[in-house]
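Accompanying notes for the structure given below.
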Amino acid sequence: MHITDHTATELAEKIKLGEIGVTEAVKASLERIGASERAVGAFLTVEPEKALERAREVEDGIRSGRYAGPLAGVPVAVKDNICTNGTRTTCASRILENFVPFYDATAVKLLEDAGMVILGKTNMDEFAMGSTTETSAFAVTKNPWNTGHVPGGSSGGSCAAVAAGECFAALGSDTGGSIRQPSSYCGVAGIKPTYGTVSRYGLIAYASSLDQIGPIGRSVSDCAALLSVIAAHDEKDSTSVKRGDTDFMSALGDSPRGLRIGIPNEYLSDGLDPDVRDAVGRAAEWLKDAGATVDCFDLGLMEYTIPTYYVIASAEASSNLERFDGVKYGYRAAEYEGLHDMYKRSRSEGFGEEVKRRIMLGSFVLSSGYYDAYYLKALRVKALIKRAFDDAFSRFDIILGPAAPTAAPKLGTSLSDPMKMYLSDIYTVAVNLAGLPGLSVPCTVNGLGLPVGVQLIGDCFAEKKLFTAGAAIEAARAADGETRFTRPVSVCGGAEEAAHTGKECAR
Amino acid sequence: MKQYETVIGLEVHVELATRTKIFCGCRTDFGAAPNTHVCPVCTGMPGSLPVLNRKVVEFALRAGLALNCEINRYCKFDRKNYFYPDNPQNYQISQLYLPICHDGYAELDLPNGKKRVGIHEIHMEEDAGKLVHDEWTDSSLVDYNRSGVPLIEIVSEPDMRSAEEVIAYLEHLQSTMRYLGVSDCRLQEGSMRADVNLSVREAGSKTYGTRTEMKNLNSLKAIARAIEGERERQIELLEEGRPVVQETRRWDDNKESSHAMRSKEDAKDYRYFPDPDLPPIRIPDAWIEQIKADLPELKEAKAARYQSEYGLSAYDAGLLTADKALAEFFEGTIAAGAAPKKAANWLTGETLRLLKESEQEASSIRFAPESLAKLIGLAERGVVNNRSAKEVFAAMFAENADPEAYVEAHGLKVENDAGLLAETAKRVLDANPKAVAEYREGKEKVLGFLVGQIMREMHGKADPAQANEALRNLLSKQ
């Protein structure tokens with residue numbers, strides 16, 4: 001078994017036992033990056049020397065007992081909208097192309113404190129605005145399962161890197177599905193935690209009231225382990241919450257027996273892709289077999305979630321992105337006349353189309369005369385959506401549904417129709433609006449050899465239930481013959497072969 | 001010409017004297033080297049987040065309660081979006097929808113009686129950085145030391161009618177904020193900034209005229225001049241049948257005139273919305289009660305107490321309490337054993353005179369209240385006479401001299417040698433036969449002249465009362 005075939009928790013265990021060295025693991029990851037990056041393009045920045053130097057330090061730290069956590073020594077990747085001290089952090093935007101923070105995001109600091117080794121920064125949709133990672137100003141990331149397809153987004157680089165075996169786990173961020181949807185597309189596990197669980201300090205804001213950093217891993221247990229590392233109250237983030245239940249791995253062995261699972265009828269409407277419907281049905285069967293109850297119900301308000309989300313997220317984004325003005329850091333137009341022209345040109349040249357579209361949309365809904373009609377109304381609908389979920393969670397422990405309406409679309413087919421792209425967020429955005437945790441778990445592989453995941457949604461602070469159910473799905477899937485959802489292109493070859501070499505899971 | 005009434009409302013920014021900034025831990029000290037009191041938060045670095053300084057809320061509550069305001073027990077911060085390089089995030093965190101305090105009033109003591117000026121609201125916000133324009137290199141530089149320094153904005157109702165009322169209101173705010181210890185309120189240094197909203201209307205009219213907002217007012221005198229100037233400008237327009245335009249104007253105190261900065265039509269759309277990085281603030285009743293209970297004695301209460309407790313005149317009590325530092329000095333002097341009236345005399349007389357001469361404030365008095373009490377003791381015990389006491393005081397004021405040591409070193413002790421005094425008195429009488437004659441004719445006033453002559457002979461070290469006594473003795477014998 002190759003080193004990079006291990007899950008993060010397996011690797012950490014072997015490092016602890018001295019069977020694999022940290023340097024050895026980092027080298028293996030770097031080699032894999034070297035072999036697959038040309039085809040996948042998951043990273044914007046890789047820092048081999050820094051990682052190897054850090055590996056030696058961690059090796060000593062593990063020996064001395066300084067690093068004793070569940071993931072000590074494990075190489076990870078970090079999405080490029082999360083600040084890393086001394087390492088370029090670009091948000092995949094020209095406007096931050098040369099930006100090097102002099103501070104770490106709290107989540108990054110926690111990774112370091114846990115003895116993890118950061119390999120580099122991953123590609124994403126510019127400022128996390130997009131669903132395919134195609135709005136990145138710098139690179140196109142491809143789906144490791146089939147490089148003719150997108151990895152999803154906006155955390156497409158992180159999910160692709162994990163899926164390709166280039167790292168053992170990664171940090172992503174999720175404002176409207178940006179961890180869960182690409183996790184589904186790339187056949188990896190990813191969770192958006194309850195709002196406030198992971199500090200947002202150092203996460204370059206897209207929509208502050210919706211943004212959450214979360215872990216992406218090859219297995220549900222990797223997600224649980226990584227979340228237990230980064231979940232902590234932080235005085236630097238006023239929206240951070242204090243919670244004492246962050247020993248998420250304790251939930252992995254629990255039985256799903258008696259868990260009440262609800263599937264919203266709206267989630268299984270006629271338009272749903274048959275592969276996705278099949279995946280949800282299969283997950284429901286597995287959970288039922290494991291002793292959970294599954295019922296369908298009406299969640300309601302589905303048709304309002306997309307507009308509500310885009311009004312609120314764009315409004316906050318229009319303000320959050322004002323600081324990128326060419327004055328203090330980042331891109332400044334080469335030629336300009338006076339202050340306002342400098343602002344105009346720097347921002348016009350520095351931001352991509354999708355970012356500009358959302359800034360304009362957000363500025364519009366906040367402008368005087370429209371504020372009440374759009375922004376305030378959206379806030380009220382947001383409260384109603386939360387109430388609908390509250391009702392649902394009085395009857396169910398977990399809501400089961402798709403993470404995305406389809407498997408990964410082909411490269412180059414999504415950006416031409418923004419409305420269609422926005423509508424594809426239908427299963428994920430409500431979770432952010434209500435501040436809930438949502439876990440994406442790999443479930444099946446479709447006829448094109450592309451993975452399809454399902455989403456488990458919990459009430460606030462109910463991550464443990466999600467991990468219990470997610471682990472049960474994973475176990476049932478394994479029992480059906482598939483153990484791992486990794487398709488490193490360097491091993492599988494090109495896109496055509498992937499469909500053949502991929503073992504059909506769950507069949 | 002018709003009779004016009006001036007209607008004035010004020011927006012006053014007060015910089016709070018917290019040790020650290022409103023949303024980060026950087027220090028607020030004035031005058032540090034540029035960009036030395038900065039961090040990712042107050043320079044708007046990507047990914048940084050604001051965390052509210054509890055002290056700012058406490059100070060705002062103190063100010064609001066002292067100005068008789070209602071408190072919003074649930075209040076929020078909003079973002080005010082506008083692009084300018086001194087504003088690193090390009091939005092200012094302020095309060096629009098739910099400010100911390102509202103509906104209060106300031107009670108002013110005016111020559112013709114008391115007057116209430118309504119406080120519309122008080123809200124908390126962050127200050128911006130400072131732009132420095134370098135003419136030499138034709139570039140602009142930003143200093144973010146001031147970025148994130150906490151402010152409260154006190155918005156009055158349009159209740160003032162003259163420059164005098166505006167000055168009285170501002171002095172009331174200054175004294176109140178200083179007594180509360182929430183700000184030093186210095187107009188020149190910018191820790192207090194006032195924008196004047198002014199309109200005129202025909203006397204007796206019930207509706208307001210169109211108002212203008214005047215900015216860049218750096219002293220009380222400038223404010224008074226600007227009000228007069230703007231009042232005249234608006235009346236002139238109306239007399240000529242031209243409309244007053246709603247606009248923001250900038251006062252130039254050197255030219256004693258103003259010019260338009262922007263009109264209402266160019267008013268920016270600030271796209272205010274609740275800041276998602278800062279959860280709403282819930283202010284428990286217990287906290288409000290605690291702050292109320294801890295409010296210090298303010299100027300008006302203190303002045304009343306000085307009259308009733310120490311028998312001071314209303315005028316002296318007013319002078320002593322006008323500046324919190326002076327009132328504290330007064331109380332310190334009494335605590336050190338001085339008689340209140342004597343202490344009051346020294347402080348309202350010599351002290352204020354010398355302070356004014358040297359353009360200083362009471363907070364910069366160099367000597368301690370104990371020193372003044374000592375000096376008062378020396379004079380009371382007759383160790384020094386009044387003239388010497390003034391000399392000692394001047395030395396205390398200038399170089400913090402110790403009164404006893406100074407008296408010793410300069411030989412200012414009153415001569416208590418009765419023989420010497422009698423001798424001198426005799427010599428003075430002999431030398432001034434004309435004065436003696438006048439005295440005998442009943443002109444008692446010349447005695448003062450003769451006492452002065454003794455003082456001169458004795459280099460000021462005689463006790464005037466004793467000299468007087470010695471002269472009378474000799475004159476009655478002759």
- Note on the structure: Expressed as a whole-number percentage, the relative contact order of segment A:1-64 with C-alpha contacts under 8 angstrom and at least six residues apart is 38
- Item | Label-zone membership for segment A:195-213, site residue A:242, 7 angstrom Cα→C-beta point, backbone N under 20 Å | A:195-201
- Note on the structure: Once both label points are put 7 Å beyond Cα along the C-beta direction, the residue B:216-residue A:296 separation in nm becomes 7.1
- Return the aspartates and glutamates within reach of residue A:377: Cα separation strictly under 18 angstrom, same-chain partners fewer than 8 residues apart disregarded; answer none if there are no such residues. A:303, A:316, B:78, B:275
- Query: Among rounded, prolate and oblate, which fits segment B:231-316 when a ≥ b ≥ c are the square roots of the eigenvalues of its C-alpha gyration tensor, a/c under 1.5 means rounded, and a/b larger than b/c means prolate?
  - Reply: oblate
- Inter-label distance for residue B:398 and residue B:297, nm, one decimal - labels placed 7 Å from Cα along Cα-to-Cβ: 3.5
- Computed for chain B: size of charge dipole around the Cα centre, +1 on C-beta of each Lys and Arg, -1 on C-beta of each Asp and Glu, debye to nearest 20, value 800
- Query: To the nearest 0.05, how large is the calculated FRET efficiency for residue A:303 and residue A:64 if R₀ is 51 Å and r is the Cβ-Cβ distance?
  - Reply: 0.35
- Query: So, by mean Cβ neighbours within 10 angstrom, what's the order for A:280-288, B:351-359, B:400-408 with the highest one leading?
  - Reply: A:280-288, B:400-408, B:351-359
- Query: Under 5 Å between amide H atoms, partner at least 5 residues away or on a different chain: which partners does residue B:105 have, H built in plane at 1.01 Å?
  - Reply: B:68, B:69, B:119
- Take peptide B:459-472, look around each residue's Cβ out to 10 angstrom, count Cβ atoms belonging to other protein chains, and average those counts. 0
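Run the numbers on segment A:365-444 and let me know its relative contact order in percent, using alpha-carbon pairs under 8 Å that are six or more apart. Present the calculation step by step, with values, prior to reporting the outcome.
Values: 32 pairs, mean separation 25.6, N = 80.
After rounding, I find 32 percent.
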- Rounded to the nearest 10 degrees, the helix B:386-399 long axis (Cα) sits at an angle to the longest Cα principal axis of chain B of 40
- Note on the structure: The extension gain from residue A:260 to residue A:5, computed as 0.36 nm times the residue separation minus the Cα-Cα distance, is 88.4 nm
- Item | Extreme residue, positive dipole direction of the protein assembly as shown, given options A:249, B:400, B:46 (C-beta unit charges) | B:400
- Item | Computed magnitude of the charge dipole of the protein assembly as shown (debye, nearest 20; Cβ of K, R +1, Cβ of D, E -1) | 860
- Message: As an exercise, use a Förster radius of 25 Å and the Cβ-Cβ distance of residue B:55 and residue B:328 to find the FRET efficiency, rounded to the nearest 0.05.
- Response: 0.70
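For a protection proxy built on the mean count of beta-carbon atoms within 10 angstrom, sort B:157-170, B:125-138, A:362-375, A:225-238 highest first, please. All intermediate terms of the calculation are to be shown ahead of the outcome.
Values: B:157-170: 19.1, B:125-138: 14.3, A:362-375: 17.1, A:225-238: 21.6.
Ranked by mean Cβ neighbours within 10 Å, highest first: A:225-238, B:157-170, A:362-375, B:125-138.
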- Task: Whole Å is fine, so just give me how far the alpha carbon centre of segment B:108-172 lies from that of segment B:281-297.
- Result: 25
- Message: Through the Karplus equation 6.51 cos²θ - 1.76 cosθ + 1.60, θ set to phi - 60°, convert the phi angles of segment A:354-363 into ³J(HN,Hα) values in whole Hz; use x for Gly and Pro.
- Response: 5, 5, 5, 4, 6, 4, 5, 4, x, 5
- Task: Work from the charge dipole of the protein assembly as shown (Cβ charges, +1 for Lys and Arg, -1 for Asp and Glu, about the Cα centre) and give the residue of A:178, B:367, B:100 farthest towards its positive end.
- Result: B:367
- Quick one: which residues, 5+ away or cross-chain, put their amide H under 5 Å from the amide H of residue A:117? H built at 1.01 Å from N. A:73, A:74, A:76
- Message: Using amide H atoms built in the peptide plane, which far-off residues or other-chain residues are under 5 Å from residue B:261 H to H?
- Response: B:248, B:249, B:250
- Item | Centre separation in Å (Cα based) which lies between segment A:85-125 and segment A:212-279 | 24
- Message: Need the full-extension length gain, residue B:139 to residue B:70, defined as separation in residues times 0.36 nm minus the C-alpha distance. One decimal, nm.
- Response: 20.2 nm
- Task: Place a +1 charge on the Cβ of each Lys and Arg in segment B:418-477 and a -1 charge on the Cβ of each Asp and Glu, then give the dipole magnitude about the Cα centre in debye, rounded to the nearest 20.
- Result: 80
- Message: Can you show me the helix-derived [θ] at 222 nm for chain A, built from DSSP H runs with n ≥ 4 at -39,500 (n - 2.57) apiece and divided by the number of residues, rounded to the nearest 500.
- Response: -12000 deg cm²/dmol
- Query: From the backbone phi of segment B:233-240, what are the Karplus-calculated ³J(HN,Hα) couplings (6.51 cos²θ - 1.76 cosθ + 1.60, θ = phi - 60°) in whole Hz, Gly and Pro given as x?
  - Reply: 4, 5, 5, 4, 4, 5, 5, 7
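Report the FRET efficiency, 1/(1 + (r/R0)^6), for residue B:29 and residue B:171, where r is their Cβ-Cβ distance and R0 is 25 Å, rounded to 0.05.
Details: r = 26 Å, r/R0 = 1.04.
That gives a FRET efficiency of 0.45.
Could you work out the relative contact order of chain B? I mean the mean sequence separation of Cα pairs under 8 Å and 6+ apart, divided by the number of residues, in percent.
13
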- Message: Please compute the average number of Cβ atoms from other chains found within 10 Å of each residue's Cβ in peptide B:80-88.
- Response: 4
- Query: How many partner chain Cβ atoms sit within 10 Å of a residue's Cβ in peptide A:365-377, on average, as a whole number?
  - Reply: 2
- What is the extension gain from residue B:335 to residue B:443, computed as 0.36 nm multiplied by their sequence separation minus the C-alpha to C-alpha distance, in nm to one decimal? 34.4 nm
- Message: Using the Karplus curve 6.51 cos²θ - 1.76 cosθ + 1.60 with θ = phi - 60°, what ³J(HN,Hα) values do you get for each residue of segment A:183-199, in whole Hz, with x for Gly and Pro?
- Response: 4, 4, 5, 9, x, 10, 9, x, 10, 9, x, 3, 3, x, 6, 10, 4
- Note on the structure: Checked against the positive end of the charge dipole of the protein assembly as shown (+1 on Cβ of Lys and Arg, -1 on Cβ of Asp and Glu, about the Cα centre), the farthest of B:412, A:294, A:449 is B:412
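Sort B:25-38, A:115-128 by the packing proxy (mean of other Cβ within 10 Å over each peptide's residues), most packed first. Provide the component values of the computation, followed by the final result.
Details: B:25-38: 14.9, A:115-128: 29.3.
The packing order, highest mean first, is A:115-128, B:25-38.
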- Task: Using label points projected 7 Å from each Cα along Cα→Cβ, tell me how many nm separate residue A:235 and residue B:261, to one decimal.
- Result: 3.8
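Bear in mind that the values in this text are calculations on the coordinates, not laboratory data. For clarity, every value in this text was computed on a predicted model and none was experimentally measured. Counting neighbours? That spans all protein chains shown, and the Cβs are built from the backbone with ideal geometry, glycine included.
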